[in-house]
């Protein structure tokens, strides 16, 4: 009887060990879906290492609660998992990270190709503007952070607006608002650009592209179908660049912008403060030379120039 019990125990132990081995083998096999001898991962990492998102230049700002959700890759993932907006993050990340694969993708969740899924593609409510929703497919991931932190203040009873710091303005990354034709100051009315309406995955389509480039530079080859080989369509970018220079010179002459390109703290007529806001919005923060929304960009610049002449 004892021999039979011992034999059964031995068989049970062998079954458990074999099951565990099979599990490990299965795990190893699933890992090779991504971790193989190709450049599937390393090619993306190389591109990301050249991008501002991947260099880690601004990750140290992630220790601040007000900055953590967008400046720390780890804090961004936590923010998305909790369904929060950047302005709702209540604590800084004590161990901030640069933006890496895990920031945007569900890495090592299933150990299959499903891990390439984006952390979120849900439409984004732009929290600086009431009832404005960015719904740009995969580009929604980007819009969680690439949105203005604030709109310009309303004018006081004397029709003045205060420029309160040398970092005054909409804050970094307002591209989603520009695409939707909002975020600028003054009476200029905007509307969603054709790029936001016609390109299904917006940011991802134009800055990652079908070849999954991870430098985040614009993939100009994707424009050829509509625009041919010349990215400066009909000289539009050159025109916008000239308007930016003209508005910048006028702002410096009026004392609203210093030689280093920072706003000068003070109280100014609303039209002039709006011109300064729009210069920062377009030249310093959006950075597309009008590509994200050509009509809105040009209208804001021309209104600012008119206000200062």
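Any read-out appearing in this document is the output of simple, stated calculations on the displayed coordinates, not a laboratory observation. These numbers come from a predicted model, not from an experiment. Counting neighbours? That spans all protein chains shown, and the Cβs are built from the backbone with ideal geometry, glycine included.
Annotations for the structure displayed:
- Extending 7 Å from the Cα toward the beta-carbon at both residue 158 and residue 211 defines two label points whose distance is 5.8 nm.
- Matching label, Cα extents along the principal axes in Å computed from the structure shown, candidates (i) 104, 46, 34; (ii) 114, 69, 35; (iii) 95, 43, 37: (i)
- Here the residues 135, 37, ranked from fewest to most Cβ neighbours within 10 Å of their Cβ, fall in the order 37, 135.
- By the equivalent-ellipsoid construction on the alpha carbon gyration tensor, the range 155-233 comes out with semi-axes of 33, 16, 11 Å, ordered largest to smallest.
- Taking 0.36 nm per residue of separation and subtracting the Cα-Cα distance, full extension of the segment from residue 112 to residue 52 would add 18.8 nm.
- Highest-fluctuation residue, 156, 249, 258 considered, GNM on the chain with Cα pairs under 10 Å: 156
- Convex hull of Cα atoms in the range 95-171, direction-averaged projection (nm²): 7.9 nm²
- Shape of the range 42-116, Cα gyration tensor, a/c cut at 1.5: oblate
- Taking other C-beta atoms within 10 angstrom as a stand-in for reagent exposure, 230, 153, 286 fall in the order 230, 153, 286, fewest first.
- Contour excess over end-to-end distance, with Cα ends at residue 90 and residue 252 and 0.36 nm allotted per residue: 54.5 nm
- For the range 124-308, the Rg and Dmax computed from alpha carbons only, in angstrom: 16.5, 54
- With the helix formula -39500 (n - 2.57) applied to DSSP H stretches of n ≥ 4, the chain reaches a computed 222 nm mean residue ellipticity of -12500 deg cm²/dmol.
- As a ratio to 2.2 N^0.38 Å, the alpha-carbon radius of gyration computed for the range 49-93 takes the value 1.09.
- Of 145, 101, 70, the one that fluctuates the most in a GNM where the chain has Cα springs shorter than 10 Å: 101
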